[in-house]
1. What are the residues whose amide H is under 5 Å from the amide H of THR136, where those residues sit 5 or more places off or on another chain and H is modelled from the backbone?
2. Quick one: net charge around LYS45, please, counting Lys, Arg +1 and Asp, Glu -1 for every other residue with C-beta under 14 Å from its C-beta.
3. I'd like the accessible area for ARG116: 1.4 Å probe, protein heavy atoms, all chains in place, Å² to the nearest 10.
4. Work out from phi, with θ = phi - 60° and the Karplus expression 6.51 cos²θ - 1.76 cosθ + 1.60, the ³J(HN,Hα) of each residue of segment 129-138, listed in order in whole Hz, and give x for Gly and Pro.
5. When the accessible area of segment 46-168 is computed with all protein chains present and a 1.4 Å probe, what percentage of it is carbon and sulfur?
6. How do 50-63, 129-142 rank on mean C-beta neighbours within 10 Å, highest first?
7. Residue by residue through segment 68-85, what is 3J(HN,Hα) from phi via Karplus (6.51 cos²θ - 1.76 cosθ + 1.60, θ = phi - 60°)? Round to whole Hz and write x for glycine and proline.
8. Provide Rg and Dmax in Å for segment 84-129, with only Cα atoms included in the calculation.
Amino acid sequence: MRKLFVVSLMLLAIPVAQASMNAASGGASDAPQQLNVTVPFERQKEKIIADLGNGETYAEIKPEEQVEVRNALTRISDALQKAGGVDQLSAEDKAKVFNDQELVNTILTRAHEDSRLVCTREKKVGSHRITNTCKTVAERRRDREESQGALRRNMRVVCVPNVSCPGY
């Protein structure tokens, strides 16, 4: 019971902390869209779903994570409509809403970080000309993983039975 009480206090403290952070930063920020119970939930839900659907804002979210976000938003919406608002939620429902809110915030924050554009200045081999190369964090990670996989595949030594293998 004590844990539920602590969770419900945390749930109520989040909007206060977010409001104070927004006030301190002037309200505008480059942060990803996160759920904030000080703003009407349905408006936030529509904005997040629109951003998921436009293919740009959260382009790095996997399809199964998009389904998770939509399902969590639906569960939060149903709980809020059934109770009539955050204040009327039971302690158990507050914990469920809080967990769904954290799930949505985590996925959207990670997608925002993965969608961040990083530019580097590189000299092409055999040229003195410097070019700019811009890729998202996720594209850079995929390129790194693909090149590491290619290196591992090329380093593999295939030994044929009854034939000597150098180094073995």
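1. VAL118
2. -1
3. It works out to around 120 Å².
4. Ordered by residue, 3J(HN,Hα) equals 7, 9, 10, 8, 10, 10, 9, 6, 4, 5 Hz.
5. Answer for segment 46-168 is 51 percent, counting heavy atoms of protein chains only.
6. Peptide ranking by packing, descending: 50-63, 129-142.
7. 4, 5, 4, 5, 5, 4, 5, 4, 5, 4, 4, 5, 5, 5, 5, 7, x, x
8. Cα radius of gyration and Dmax of segment 84-129 are 22.2, 68 Å respectively.
The values are calculated or read from the model by the stated rules, or taken from the named source; none is laboratory data. Computed from a predicted structure; not experimentally measured. Positions of Cβ are generated from backbone atoms using ideal geometry, with glycine treated the same way; all protein chains shown enter the neighbour counts. Accessible surface is based on the protein model in full, side chains and every heavy atom, while ligands, DNA and RNA are left aside. Shrake-Rupley method; radii C 1.70, N 1.55, O 1.52, S 1.80 Å.
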